[in-house]
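Before any comments, here is the structure.
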């Protein structure tokens, strides 16, 4: 799965299910947590979604504001694991 597809799936999930405003124009570098759009509970939901959708487990130590505040950071974290295991094919 390419980065563009991961980015759009994550953006859609965040705006639809976490922010609960599918029309919100979430930018790649916007502070999602520091901007008050998500809280720590939503970050845990995000981690569950990522594992279910992409087969990528994100440990608790990585579920921090410093590491997961922007869509860019979230996409990079998912892509890191997807690229480490090139055998993953979660295209749907």
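The values are calculated or read from the model by the stated rules, or taken from the named source; none is laboratory data. Keep in mind it's a predicted model, so treat the numbers as computed, not measured. In this analysis, Cβ positions are derived from the backbone assuming ideal geometry, glycine residues included, and neighbour counts consider all displayed protein chains.
Could you please find all residues in segment 58-74 being free of Cβ contacts under 8 Å to residues at least 24 places away in the same chain, within 12 Å of the chain's Cα centre (by Cα) and either closer than 14 Å to residue 26 by Cα or outside any helix (DSSP H, G or I) (or both)?
58, 63, 73, listed by residue number.
Taking the condition of being out of contact with any helix residue (DSSP H, G or I) (no Cβ under 7 Å at 6 or more places or on another chain), at pLDDT 95 or above and either within 15 Å of residue 72 (Cα to Cα) or surrounded by fewer than 17 Cβ atoms within 10 Å (Cβ to Cβ) (or both), how many residues in segment 33-43 meet it?
Summing the residues that are out of contact with any helix residue (DSSP H, G or I) (no Cβ under 7 Å at 6 or more places or on another chain), at pLDDT 95 or above and either within 15 Å of residue 72 (Cα to Cα) or surrounded by fewer than 17 Cβ atoms within 10 Å (Cβ to Cβ) (or both) in segment 33-43 gives 2.
Test residue 24 against the stated conditions and say whether it is under 23 Å from residue 84 (Cα atoms) and assigned to a loop (DSSP other than H, G, I, E, B).
no
Six or more apart or on different chains, Cβ under 8 Å: which pairs go from a residue in segment 1-19 that's under 20 Å from residue 31 (Cβ atoms) to one that's at pLDDT 95 or above and loosely packed, with under 13 Cβ neighbours inside 10 Å? Could you list them?
As it stands, the answer is 7/28; 12/22; 15/21; 15/22; 15/23; 16/22, since those pairs meet every condition given.
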